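In what follows, a structure is listed as structure tokens, so that the remarks can point back to it.
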Amino acid sequence: MVVDGETRVVAEGSVAKDLLTVLRDELDSLAPKEGCGTGVCGACTVLLDGEPVAACTVLAGDAAGCEIATAATVSTGQGADVAECLRLAGGIQCGFCSPGFVVSITALLERSPAASDTEARWALAGNLCRCTGYGRILAAVRMVQERRGQAS
Ligand code: FES
Ligand code: FES
């Protein structure tokens, strides 16, 4: 698989492990975080061939040959302004959920640049944040849209 632009080979014995475990424990790709480990919190969200997925719910074998982008590259690439606006809007407190939010917001604004507040809420329904109360995260989404000239 290609992880953050680099071709990585996964041991055959690891194909039945979940992608998050392989990324973190075997490939030292530490941007995706493990929260629930059961597909509920979104802390492990990565882009799998451009689509946001919870890495803890994907078998590593099913990601064979795929391109995976984690928050490590998304937050410095196409989602750099998302990461910056999250910071400026106060959408980051403890930060544990933030890598998942950066990936999910970036994916949302790629498929729907002028997404409404309601659309953003639905798109982020799989990302849990225990600190910010979500208001500041939604403010960050609007800030990105304003900067990109996509405010609705
Ligand atoms: Fe994957 Fe929570 S750790 S969804
Ligand atoms: Fe702490 Fe979101 S900033 S869980």
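List of remarks:
- Amide proton proximity set for Gly95, modelled H, under 5 Å, gap of 5+: none
- Candidate membrane-span-like segments in the chain, meaning DSSP H helices with Cα atoms spread over at least 15 Å of their own axis and a Kyte-Doolittle mean of -1.0 or above, are 98-111, 135-147, with no membrane implied.
- Calculated diffusion of segment 40-128, Stokes-Einstein form, Kirkwood radius summed over Cα pairs, 37 °C and 0.692 mPa s, µm²/s: 249 µm²/s
- Its Cα centre serving as origin, the chain has a Cβ charge dipole (Lys and Arg +1, Asp and Glu -1) of approximately 680 debye.
- Three-way shape label, segment 88-152, alpha-carbon gyration tensor, a/c 1.5: prolate
- Cα-based Rg / Dmax (Å) for the chain: 15.0, 49
- Rolling a 1.4 angstrom probe over the protein heavy atoms with all chains in place gives segment 66-115 an accessible area of 37 Å² per residue.
- Taking the protein heavy atoms of the chain in the context of the full set of protein chains, the accessible area attributed to carbon and sulfur is 50 percent at 1.4 Å.
- Mean-position separation - Cα centroids, segment 114-152 and segment 40-103, in angstrom: 15 Å
The values are calculated or read from the model by the stated rules, or taken from the named source; none is laboratory data. This is a predicted model, so every value here is computed, not measured. With ideal geometry, Cβ positions are generated from the backbone for all residues, glycine too; neighbour counts draw on all protein chains shown. Keep in mind that these areas ignore ligands, DNA and RNA; they rest on the heavy atoms of the full protein, side chains included. Shrake-Rupley method; radii C 1.70, N 1.55, O 1.52, S 1.80 Å.
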